[in-house]
Amino acid sequence: MAYWFHRNPLKATAVVTFEFHGVTTNEPSRKIFADLRKTRTTLLELLTDPNHQRETVDKATADYFSLLTGLIQPIDPNEPENKLRKIIKFRWTNSLLGNAATEQWDAVYEYASMAVNVGLWYTKHAAKLAAKDDPDMEEAKEVHKCLRIAAGIFTNIKNDLIGKLSENDENGVDTDGRVLEAYIKQCTAEAQEVTLARAIEMKHSSSLIAALAYETSQLYQAADDSLSSIEAVIVGKWRKYFQLKHAFYLSSAHSYNGDTLLAQDKCGEAVRGLKESVELYDKAALLCKEYASTKGVGTTARPQDHIFFRRLGPVVKRTLEKCERENGLIYHQKVAFDAPQLELKATYGLVSPEDYTPPSLNPLWTVDVYNKFNPSMAPKPQPKKAKEEKKENLPPVKEKETPMSDKDPKNYSGCSIS
């Protein structure tokens, strides 16, 4: 499903040499900093290309984070805080804020920032797999898993890391809880789209499909709501993506719920629900145009071009016409003014973020090695008043392009990852 998903850009970062003469006082301490430099460089390079295997990125992430944890986690039982946590300056851009860099002398900030990029890589890897001509079942499972892993990473950042930051009061940065919540809900909703497409492909009951579609629409609504207090110039395009997906899946929910109501001889309610579905589908089509014309960061999705999207409109209209005929000839039921309330709860197929377990501390970190570091020799942060008010820019990350197929899948659901 090429261009079905919106993707924000990776964060850019300044080079960190980890060369601090006088801080490292022996060979084991120098090796740790050399390995930090090497593993950071390797991970950053891998993250630019979504074509890498998940296992490769998993290993590179664990290698770097296990070493970085030694700058964060207390190691000497006689010290309540790690003396090395704030000796290095890290500079990162933010996925929604262009090339302006934010800096902090805090290894927790580095961990959270790199973790955001790792989470973004999983979403891009999933989109790359979904964009193939004909993904097989194992690749569909991989798309589903990668999106759940990404949701788990963003959840870990939100729940376990941002509360530890010494500074985190800027609007729309990647460590803003509202931005992280949007990423969590987006990844969860997109994983649930895979489940929903599978349910449609396997022709499960209309009641189950309606419930899954409704739950998916609510996830996109929650993602949109989480960004409502951030300026539109920052998140306007991203919110349009959430709004069009919400309208599309709510339209799907009313459509399949209409089938369920008709099967229960509730033709009048079915007619009203299907009318609501038509209105929501038309709204989704309009939002697709607004999304395409709204300025903002990220790759532009083209959901209106997909057969999965295109197929729903005619199906809903044909079903509505059928229900109106049946109601006029057989049921003669009153069509309510208000659409039926969708109080649907899926009993199967609901998606949740995969629990993220941070890598354990690298065995190179021992109390003896830790005590050989001399943080008093590290450069000191400048007082805030001496800093330039204008933030320095960093060049954007050069992300590898991935081929995307525009061919329609030849299956029942119209979704290539079903």
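Note on region 282-334: residues that are in a loop (DSSP other than H, G, I, E, B), among the β-branched types (Val, Ile, Thr) and modelled with pLDDT under 85 amount to 1.
Can you pull out the residues in region 197-254 that are under 18 Å from the mean Cα position of the chain (by Cα) and among the β-branched types (Val, Ile, Thr)? The answer is 216, 230, 234, 235. In region 352-381, the residues that are more than 30 Å from residue 147 (Cβ to Cβ) form Cβ pairs under 6 Å with partners that are open to solvent by less than 70 Å² (accessible area, probe 1.4 Å) and of a type in the set (Gly, Ala, Ser), at six or more places apart or across chains, as follows: 365/70; 369/29; 372/29; 373/29; 377/22.
Is it the case, given these coordinates, that residue 184 is more than 16 Å from residue 348 (Cβ to Cβ), open to solvent by less than 20 Å² (accessible area, probe 1.4 Å), assigned to a helix (DSSP H, G or I) and at pLDDT 95 or above?
On the way: more than 16 Å from residue 348 (Cβ to Cβ): yes; open to solvent by less than 20 Å² (accessible area, probe 1.4 Å): yes; assigned to a helix (DSSP H, G or I): yes; at pLDDT 95 or above: yes.
Judged against the criteria, residue 184 is a match.
Scanning region 252-310 for residues that are of a type in the set (A, V, I, L, M, F, W, C) and more than 30 Å from residue 330 (Cα to Cα) yields 284, 285, 286, 287, 288, 292, 297, 301, 307, 308, 309.
Condition check ((1) out of contact with any Lys or Arg (no Cβ under 9 Å at 6 or more places or on another chain); (2) in a helix (DSSP H, G or I); (3) more than 23 Å from residue 97 (Cα to Cα); (4) open to solvent by less than 10 Å² (accessible area, probe 1.4 Å)) across all residues:
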{"residue": "172", "(1), (2), (3), (4)": "no, no, no, yes"}
{"residue": "203", "(1), (2), (3), (4)": "yes, no, yes, no"}
{"residue": "246", "(1), (2), (3), (4)": "yes, yes, yes, no"}
{"residue": "249", "(1), (2), (3), (4)": "yes, yes, yes, yes"}
{"residue": "256", "(1), (2), (3), (4)": "yes, yes, yes, no"}
{"residue": "259", "(1), (2), (3), (4)": "yes, yes, yes, no"}
{"residue": "271", "(1), (2), (3), (4)": "yes, yes, yes, yes"}
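Among the residues of region 336-364, those that are out of contact with any Leu (no Cβ under 6 Å at 6 or more places or on another chain), more than 30 Å from residue 73 (Cβ to Cβ) and surrounded by 15 or more Cβ atoms within 10 Å (Cβ to Cβ) comprise 339, 340, 342, 344, 350, 351. Within region 223-239, can you find the residues that are open to solvent by less than 70 Å² (accessible area, probe 1.4 Å) and not hydroxyl-bearing (Ser, Thr, Tyr)? Those that are open to solvent by less than 70 Å² (accessible area, probe 1.4 Å) and not hydroxyl-bearing (Ser, Thr, Tyr): 223, 224, 227, 230, 234, 235, 236, 237, 238, 239. Here residue 32 clears all of (1) outside any loop (DSSP other than H, G, I, E, B); (2) within 27 Å of residue 170 (Cβ to Cβ) except the condition numbered (2). Total residues in region 27-43 satisfying the condition of being open to solvent by 40 Å² or more (accessible area, probe 1.4 Å) and either touching a residue at least 40 places away in the same chain (Cβ under 8 Å) or touching a His at 6+ places or on another chain (Cβ under 7 Å) (or both): the figure is 2. For region 129-142, state whether one or more residues are assigned to a helix (DSSP H, G or I), more than 27 Å from residue 87 (Cα to Cα) and open to solvent by less than 10 Å² (accessible area, probe 1.4 Å). Among the residues of region 129-142, at least one is assigned to a helix (DSSP H, G or I), more than 27 Å from residue 87 (Cα to Cα) and open to solvent by less than 10 Å² (accessible area, probe 1.4 Å), which makes the answer yes. For region 102-126, a residue qualifies if it is open to solvent by less than 10 Å² (accessible area, probe 1.4 Å), hydrophobic (A, V, I, L, M, F, W, C) and either in contact (Cβ under 8 Å) with a residue 40 or more places away in the chain or on the phi > 0 side of the Ramachandran plot (or both), and the qualifying residues are 108, 112, 114, 115, 116, 118, 120, 121, 126. Going through (1) part of a loop (DSSP other than H, G, I, E, B); (2) under 30 Å from residue 132 (Cα atoms) one by one, residue 79 falls short only on (2).
The values are calculated or read from the model by the stated rules, or taken from the named source; none is laboratory data. Bear in mind the structure is a predicted one, so any value in this text is a computation, not a measurement. With ideal geometry, Cβ positions are generated from the backbone for all residues, glycine too; neighbour counts draw on all protein chains shown. Ligands, DNA and RNA are stripped out before the accessible areas are found, and what is left, the full protein with its side chains, is counted by its heavy atoms. Shrake-Rupley method; radii C 1.70, N 1.55, O 1.52, S 1.80 Å.
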